[in-house]
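Report on the structure given below.
Every read-out reported here was derived from the displayed coordinates using simple, explicitly stated rules and does not represent laboratory data. The structure displayed is predicted, hence computed values, not measured ones.
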Amino acid sequence: MVREKSALARYRIWHMTQKLSPDNQVDTLLQTINPSGIADESLRRTVEILLNLVEELQTKTKQLESENQRLRDENNRLKGEQGKPDVKANKSCMF
């Protein structure tokens, strides 16, 4: 019975993450994992440390990706290429 619940839980998590971007998949998985259900104290602490590390690395990766894009844009600007256009949102017309 425990194996069935575990398989069902894994399927639900898999199904939830299929429609999400990789970043959102990690966010969803981090929210669904509950280390307090782990009986072994040492294992529970290890899982908590690993989850915290994953969260920190995800935050750092997002920061570095943002900085990388900013530097690419600056590099392109210095080379005389056009940057990303400023696209304004369409305002709906009221009749």
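In summary, the aspartates and glutamates within cross-link reach of Lys60, defined as a Cα separation below 17 angstrom excluding same-chain residues under 8 places away, comprise Asp23, Asp27. With bins 10 Å wide beginning at 0, the percent of Cα pairs of segment 12-71 falling in each bin runs 20, 39, 30, 9, 2.
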